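Have a look at the structure below, then the notes.
The values are calculated or read from the model by the stated rules, or taken from the named source; none is laboratory data. Note that this is a predicted model, so its numbers are computed, not measured. We place every Cβ from the backbone using ideal geometry, glycine too, and count neighbours over all the protein chains shown.
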Amino acid sequence: MTTATKKGLQRYYEYRDRIAGLIQSIQESPEPNPVLIKFFTLVNEQDKRVIDCVENGKPLLSSWYGSAPEIYSAMDIEYFCPVDNILAHQPFTNDLEGMDAANIPQDMCGLIKLGAYGVEAGIVPVPTAIIAMLEPCDAQSAIHEAWKNAEGWRDVPIFALDPAYGVGTKDYAYFAGELRRMIAFLEDHVGRKLDWNRLREVIEVTNQQYAAWGEYNELRRAVPCPHNSFVGGKLGWVITQHMKAGLPGAVEIFKMLAFDAEQKVKAKQGPMPKEKIRVLWADLIPTWSDAFGGMLEQEWGANIVMDFQSYAAQYDPIDTSTEESMLLGLAKRNMAEVPMIRQARGKVDVMIEDITRIAKDYKCDCVIFPGHVGHKDQSASIGFLKEACRELKLPLLALTVDNFDPRYTPMDVLKRQVGEFFDAHGLGK
């Protein structure tokens, strides 16, 4: 076992034990939250499977969101995203300071910087193989180049999925071909064969999963919104993109969440005494979302009722009747439905269409565009966004933040900017 692997495994022991402690704390609280207990139990089991792979020499895949994780499950390959746990455990580590000391350009996205730092510092395990991405931004290619040159990772086989630009039948067919190439790569380098019947079973579960998530999101349209800012997306993103696909427990989490929301909608009950402002957050959920959402609620009675990461209404069920229909469905899901890839790849029309639909469906009073430093592609579209918001007669606040580094724009600065914006437009009065 290499030094880098030992260091990565040590960090995973910490993740495992910290989450186990969190689960116990929730269970012992006066009002245990069954959704969070179920969710963190699945997270804990995921970390244990990664540890088992490293300890016992089993295949372990490094992957990213938007890379058809259903295929990995059908091939019985465990996988992890090298950045996921680093971000999830950010408040309990000194990783941000370690990132600052690393030889990484400071003007890059915090996620990319943390991902490059994590591999270079050896706090993630060395995988058997890597599935890389060439979308939705150039930084994705940069992080994989950094990984390829890191100690212990140089000789790891790597395959990069190449997406088409459009969202038509030919584009999905092309990406389905890329998925076939990925399957062949995994069979060659990981030594596991794809069982198409097992893939069918996994997809049928993830179809249920996305449907249940969509049902929950429908309940968030209610006035007042039944749950706090970002609820649903924080759980759904991990379950659908960074966890073993096809787990029955994942469907149950969304159903439990929807049931609780339904009861609150019937009782006309929200998470705050009076909901005054309904906000659309036009991007992914930041790592500092709890602090930001809590501030909105306490200071202004504002709730982020929908965001791009939580927006699951666009997911279509995949036809599992044939091998080709499954690959085409997975191609569409991962090219045109997964958050950020959906809004950032291709034409600006998709982002504008999503904002327009969400604003109307969720009765939003305003739009906050965080202007994440790593999403220069979306920031280049700010003119289109302003025009869309003018047509919707919705106030727009454009910020400049790093979704993955809370120091970039401190919370007191955000509080002042948001307060001035709400006051200028008479929101919440």
Elements of type helices (runs of 4 or more DSSP H) in segment 345-429, at least 2 residues being aromatic (Phe, Trp, Tyr) and at negative phi: 411-424
Residue ranges of helices (runs of 4 or more DSSP H) in segment 91-148 with at least 2 members of a type outside the set (Lys, Arg) and surrounded by fewer than 19 Cβ atoms within 10 Å (Cβ to Cβ): 95-101, 138-148
Any hit, segment 300-322, residues being outside any loop (DSSP other than H, G, I, E, B) and surrounded by fewer than 18 Cβ atoms within 10 Å (Cβ to Cβ): no
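Which one is farthest from residue 123 (Cα to Cα) among residues in segment 67-83 that are of a type outside the set (A, V, I, L, M, F, W, C) and surrounded by 21 or more Cβ atoms within 10 Å (Cβ to Cβ)? Steps first, please.
As a first pass, look at segment 67-83 and keep what is of a type outside the set (A, V, I, L, M, F, W, C): 67, 69-70, 72-73, 76, 78-79, 82.
Checking which are surrounded by 21 or more Cβ atoms within 10 Å (Cβ to Cβ) leaves us with 67, 69-70, 72-73, 79, 82.
On the way: 67: 23, 69: 23, 70: 26, 72: 23, 73: 25, 79: 16, 82: 9 Å.
Here the answer is 70.
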Of the criteria (1) surrounded by fewer than 18 Cβ atoms within 10 Å (Cβ to Cβ); (2) at pLDDT below 95, which one residue 360 fails: (2)
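Mind checking which residues of segment 149-162 are of a type in the set (Gly, Ala, Ser), in contact with a strand residue (DSSP E or B) (Cβ under 7 Å, 6 or more places away or on another chain) and either assigned to a loop (DSSP other than H, G, I, E, B) or at pLDDT below 90 (or both)? Reasoning before the result, please.
Restricting attention to segment 149-162, the residues satisfying the condition of being of a type in the set (Gly, Ala, Ser) are 150, 152, 160.
If we keep only those that are in contact with a strand residue (DSSP E or B) (Cβ under 7 Å, 6 or more places away or on another chain) as well, we get 160.
Passing the criteria: none in range.
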Selection from segment 240-260 of residues that are under 24 Å from residue 61 (Cα atoms) and basic (Lys, Arg): 244
Test: residue in segment 212-222 that is of a type in the set (Asp, Glu), farther than 27 Å from residue 129 by Cα and part of a helix (DSSP H, G or I): yes
Filter result (over 19 Å from the mean Cα position of the chain (by Cα) and in a helix (DSSP H, G or I)) within segment 20-43: 20, 21, 22, 23, 24, 25, 26, 27, 34, 37
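Does segment 163-187 hold any residues that are among the β-branched types (Val, Ile, Thr), farther than 13 Å from residue 129 by Cβ and either in a helix (DSSP H, G or I) or at pLDDT 95 or above (or both), and which are they? Break it down stepwise before answering.
Pass one, segment 163-187, residues among the β-branched types (Val, Ile, Thr): 167, 169, 183.
Narrowing the set further to residues that are farther than 13 Å from residue 129 by Cβ leaves 167, 169.
Matches in segment 163-187: 169 only.
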Criterion: part of a helix (DSSP H, G or I) and modelled with pLDDT of 95 or more - qualifying residue of 255, 268: 255
Given (1) buried (at least 18 other Cβ atoms within 10 Å of the Cβ); (2) of a type outside the set (D, E, K, R); (3) touching an Asp or Glu at 6+ places or on another chain (Cβ under 6 Å), number of the condition residue 408 does not satisfy: (1)
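When residues of segment 147-169 are filtered for being small (Gly, Ala, Ser) and in contact with an Asp or Glu (Cβ under 7 Å, 6 or more places away or on another chain), how many remain? Steps first, please.
Within segment 147-169, the subset small (Gly, Ala, Ser) is 150, 152, 160, 164, 166, 168.
This time we only want the ones that are in contact with an Asp or Glu (Cβ under 7 Å, 6 or more places away or on another chain), so: 150, 164.
Total satisfying the criteria: 2.
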Residue 70 being closer than 19 Å to residue 12 by Cα and either among the basic types (Lys, Arg) or under 20 Å from the mean Cα position of the chain (by Cα) (or both): no
Inter-residue pairs, beta-carbon under 7 Å, first touching a residue at least 60 places away in the same chain (Cβ under 8 Å) and in segment 327-354, second among the aromatic types (Phe, Trp, Tyr) and in a helix (DSSP H, G or I), 6+ apart: 328/172; 331/172; 331/175; 332/172; 335/172; 335/175
